[in-house]
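The structure appears right after this line, and notes come after that.
The values are calculated or read from the model by the stated rules, or taken from the named source; none is laboratory data. From a predicted model like this one, the values you see are computed outputs, not experimental measurements. Positions of Cβ are backbone-derived with ideal geometry, glycine not excepted, and every protein chain shown enters the neighbour counts. Side chains included, ligands, DNA and RNA excluded: accessible areas come from the protein's heavy atoms. Shrake-Rupley method; radii C 1.70, N 1.55, O 1.52, S 1.80 Å.
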Amino acid sequence: MLLELLLALVPQSPIGTNLEGVKDWQNQTPFVDAFKSSREWISHQSNPHQWGTGPAVITDELGWPQSLQSNQDIESIIFANGSPTYPDGVYTIRYNGIGTIEPRAGGDGSLTILEQSQGHIKIYLQVPSNGLFSLRITDIVQPIEDIRVYLPGYDNSTRIFHPDYIKSLEPFDTLRFMDWGRTNNSPVVSWWNATNFFNYTQATDAGVHPLYMIELCNQTCKNMWICVPHMADDLYVTYLAYLCKIALDPSLTVYLEYSNEVWNSQFQQTQYAQAEGLALGLHPTSWHAGWLYYSQRSVEVFEIFSNVYGQPRDRNLVRVLAGQSVNPWINTQIMDWQDAYKHADAFAVAPYFGGYLGNLNVSPNTATFSIPQILSDCDTNSAFNHSQYTLTNSNYTAFRGLDLLAYEGGQHLVGVGAAQNDQTLTNLFVAANRDPQMRTLYFNDLTRWEANGGGLFMSYAFTGNPSRYGSWGLLEWQGQIRSTAPKWLGLMDYIGN
């Protein structure tokens, strides 16, 4: 009885989530102004009309179009295949300047113009489930600026974030902005490369401006997990540190990570780290040199933040090193290089399960499996991974005084290599993700993570449309009826437990 009481007092591992990236084909509605997540301008030849073949778009420094060249029109996609993510209803388009703006709905969508005057268009939109909703500019007399596309019910709203989006994030402890920041393959070097806060869209290759991330955390009262671009210089890191220190609610925690999966060869940050590590002579082997460079640069980033936050170091700054869940030895190399662990607070891994099933070199008959067999194998894999790798990682991190966190995690049912194009396999994996038994599997997986020493667990990801590229979303779209989302239900069972 005493043991049961003591176990009941053990704090449960908090649950956070990775947010889906901001883009026109997203499965979330973060902004009341949908133009903030529109696609960057596409230039067309106007006569005869040819998509994407026009000359360069003439804009100001914030991306607002100033004029058109001969035989040119330009277009921005507000959202692609927006149903059921976006609601049917009355959308209001407002802008400054003088010109001709045409709202367009393609595929199975349709729109009716209800009101139109210079600077103002009101439409009724039936959102396409297979097609585009876009704005095309065919004439500019005076520069077109400050375009806003308000979702139904929010015309001229001063809100930044849609209330439905705010509400949907309530269950989570922490929000990770890796995809919001377009961290993988980021082109950002200096602060001036980052997307301007006032840019016409935040859906750029440089990612969303960090102030939007901070404001979302402030409004939701969630801790912030931020990833620093791999090529970001010290001045960028310094500005980011001051922005977090000044603008983020001081009661909230910043989890600070340098880049994302720098060990993963599919990303440009890995090649960058390996090249830098070799150039510095950190190790003669490229991949090992990359791990050591990642460790070394992480500490440099941590030190810049620590200096800004002041000494003794603010407890609301958690410095996170990261590595591979299934390779604890690599993690020791990262932690121990130049005693990096002494400058960090936590080590993070991604304890996914079921990934081997998509590798047909390992399991060539996966496509013939039943859904119960897929889920059974996933459960077995989850149990093995946590009893072996999570436990080992937990022991290694605890020995060095670090907490063990999960920067990502959950199921990893996706085809690898040529298997990605196997539609039978994709259909099987999608069906497995939708199966009610996945709820129990997610609950069990989180319980095992906690039991073997895991702390904060950042699920991957909040929303995402299932495809041959994976079924990553806890929800397939933000407004999905929760009773039809087993992964979401499994997480909620764990949180409620």
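Miscellaneous remarks
- For the range 340-348, 3J(HN,Hα) computed residue by residue from phi via the Karplus equation (6.51, -1.76, 1.60; θ = phi - 60°) reads 4, 4, 6, 10, 10, 10, 8, 10, 10 Hz, glycine and proline entered as x.
- One quarter of the surface of the convex hull around the alpha-carbon atoms of the chain equals 25.5 nm², the direction-averaged projected area.
- Electrostatic dipole magnitude of the chain [Cβ: Lys, Arg +1; Asp, Glu -1; Cα centre; debye, to 20]: 380
- With respect to the chain, whose longest principal axis is taken over its alpha-carbon atoms, helix 268-279 is tilted by about 60°.
- Close amide H pairs (under 5 Å, H built 1.01 Å from N) link residue 161 with 32, residues at least 5 positions away or on another chain.
- D (Stokes-Einstein, µm²/s), Kirkwood Cα radius, the range 424-497, 0.890 mPa s at 25 °C: 193
- The largest-to-smallest principal axis extents of the Cα set in the range 213-318 are 45, 29, 20 Å.
- 222 nm mean residue ellipticity, helices alone, for the chain (DSSP H n ≥ 4; -39,500 (n - 2.57); rounded to 500): -9000 deg cm²/dmol
- A simple spin-label model places the labels of residue 362 and residue 70 6.0 nm from each other, with each point 7 Å out along Cα-to-Cβ.
- Descending Cα extents along the principal axes, the range 356-497, whole Å: 46, 37, 22
- The range 394-412 residues near the modelled residue 329 label - backbone nitrogen below 19 Å, point 7 Å along Cα→Cβ: 394-397
- Taking amide H as placed 1.01 Å from N in the peptide plane, residue 16 has its amide H under 5 Å from the amide H of 173, 174, 457, 458, 459, each at least 5 places away in sequence or on another chain.
- At q = 0.12 Å⁻¹ the log10 of I(q)/I(0) for the range 246-307 amounts to -0.36, computed by Debye summation with a single uniform scatterer per C-alpha, solvent ignored.
- Residues of the range 130-144 with amide N under 16 Å of a point placed 7 Å along Cα→Cβ from residue 51: 130-137
- Put the Cα centre of the range 32-94 next to the Cα centre of the range 199-252 and the gap is 27 Å.
- Residues residue 221 and residue 129, FRET efficiency given R0 of 22 Å [Cβ-Cβ distance, rounded to 0.05]: 0.05
- Local charge for residue 495 was computed over the other residues whose Cβ lies under 11 Å away, with Lys and Arg +1 and Asp and Glu -1, and equals -3.
- Kirkwood radius, the range 300-430, all distinct C-alpha pairs, inverse of mean reciprocal distance: 16.7 Å.
- Set of aspartates and glutamates with alpha-carbon distance to residue 487 below 13 Å, sequence-local pairs under 8 removed: 435, 445, 476
- Per-residue Karplus couplings for the range 471-479, computed as 6.51 cos²θ - 1.76 cosθ + 1.60 with θ equal to phi - 60°, are listed in order as 10, 7, x, 4, 10, 6, 8, 3, x Hz, Gly and Pro entered as x.
- Between helix 234-247 and the chain there is an angle of about 80 degrees, using the helix long axis and the longest principal axis of the Cα atoms.
- Inter-label distance for residue 62 and residue 264, nm, one decimal - labels placed 7 Å from Cα along Cα-to-Cβ: 3.4
- In this rough spin-label picture, where each label sits 7 Å from Cα along the Cβ direction, the residue 118-residue 495 distance is 5.0 nm.
- Karplus-derived 3J(HN,Hα) values for the range 484-497, using 6.51 cos²θ - 1.76 cosθ + 1.60 with θ = phi - 60°, are 9, 10, x, 5, 4, 4, x, 5, 5, 4, 5, 4, x, 6 Hz; glycine and proline are entered as x.
- For a modelled paramagnetic label at residue 427, 7 Å from Cα along Cα-to-Cβ, the residues of the range 358-379 in reach, with backbone nitrogen under 15 Å, are 367-371.
- Additional length obtainable on full extension of the chain from residue 100 to residue 247, 0.36 nm per residue less Cα span: 49.0 nm
- Residues whose placed amide H lies under 5 Å from that of residue 67, excluding near-sequence neighbours: 58
- With DNA, RNA and ligands ignored, accessible area of residue 75 (1.4 Å probe; Å², nearest 10): 0
- Rounded FRET efficiency, nearest 0.05, which uses the C-beta distance separating residue 173 from residue 418 and R0 of 56 Å: 0.90
- For the range 154-266: span of alpha carbons on each principal axis (Å, largest first): 40, 30, 30
- Lysines with Cα under 26 Å of residue 36, excluding same-chain neighbours fewer than 8 positions away: 23, 122, 167, 222, 245
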